[in-house]
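Below is one structure, written out as structure tokens; comments come after it.
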Amino acid sequence: MAGLNTEVKRKQKSFHVQTEDKGIGINYIETVIFKSGKILSSQKTSYAAHLNQPDLKQIIQQMIKQQHQECLKELSEGKFDHL
């Protein structure tokens, strides 16, 4: 899984949520929330502590899914309604 992308409409506003793995050399995943091409929020989570795990790929995939869902939840709860 390279990443996730979701388009969200809330109160007649469109948002784009993108979560991706930045790669083993960088060791983190990042979720960015966009509105009209502008970055509203960015969240990074390191997976450096898991680098020696044999199931690293699955760990990263789960982290991507979880972080993406958390950001979608923030949108649905109105965190960015004022923007």
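Between 12, 43, 58, the residue with the greatest mean-square fluctuation in the GNM of the chain (Cα pairs under 10 Å linked by springs) is 12.
Over 23 Å between C-alpha atoms is what I'm after, so list which of 57/79; 11/65; 11/79; 13/57; 9/57; 35/57 land there. Before the final figure, lay out the partial values.
On the way: 57/79 31 Å; 11/65 25 Å; 11/79 12 Å; 13/57 34 Å; 9/57 31 Å; 35/57 30 Å.
Pairs exceeding the cut-off: 57/79; 11/65; 13/57; 9/57; 35/57.
Name the residue, out of 45, 31, 19, whose mean-square fluctuation peaks in a Gaussian network model built on the chain with Cα pairs under 10 Å. Its mean-square fluctuation being the largest, the pick is 45. With contributions of -39500 (n - 2.57) from each DSSP H run of at least four residues, the per-residue ellipticity at 222 nm computed over the chain stands at -9000 deg cm²/dmol. Within the set (1) 1.16; (2) 1.29; (3) 1.00, the number that Cα Rg over 2.2 N^0.38 Å takes when calculated for this structure is listed as (1). Computed 3J(HN,Hα) for the range 31-40, one whole-Hz value per residue from the Karplus formula 6.51 cos²θ - 1.76 cosθ + 1.60 where θ = phi - 60°, is 10, 10, 10, 10, 9, 6, x, 9, 6, 9, glycine and proline marked x.
Give me the net charge for the shell around residue 47: Cβ to Cβ below 14 angstrom, other residues only, Lys and Arg +1, Asp and Glu -1. Intermediate results must be reported in sequence, preceding the final value.
Values: positive: 22, 44, 57, 65; negative: 20, 21, 30, 55.
Its environment carries a net charge of 0.
Each Cα pair under 8 Å and six or more residues apart adds its separation to the average, and for the chain the resulting relative contact order is 25 percent.
Who wins for biggest fluctuation among 70, 20, 30 in a Gaussian network model of the chain, springs between alpha carbons below 10 Å? Checking each option, the largest mean-square fluctuation is seen for 70.
For the range 3-76, build the charge dipole from Cβ charges (+1 Lys, Arg; -1 Asp, Glu) around the Cα centre, then report which of 66, 19, 37 sits farthest towards its positive end. Final value for the positive-end residue is 37.
Amide H contacts for residue 40 (H built 1.01 Å from N in the peptide plane; partners 5 or more residues away or on another chain; cut-off under 5 Å): 33, 34, 35. Helix 56-76 sits at what angle to the longest principal axis of the chain, using alpha carbons and giving 0 to 90 degrees rounded to 10? Helix 56-76 sits at roughly 10 degrees to that axis.
Roughly how big is the range 3-76's charge dipole about its Cα centre, with Cβ charges of +1 (Lys, Arg) and -1 (Asp, Glu), in debye to the nearest 20?
On the way: 11 positive and 7 negative charges, 93 e Å.
With Lys and Arg at +1 and Asp and Glu at -1, about 440 debye.
Here, each number is a calculation from the coordinates, and none is a lab measurement. From a predicted model like this one, the values you see are computed outputs, not experimental measurements. Methodologically, a virtual Cβ is constructed for each residue, glycine included, from the backbone with ideal geometry; neighbour enumeration extends over all protein chains shown.
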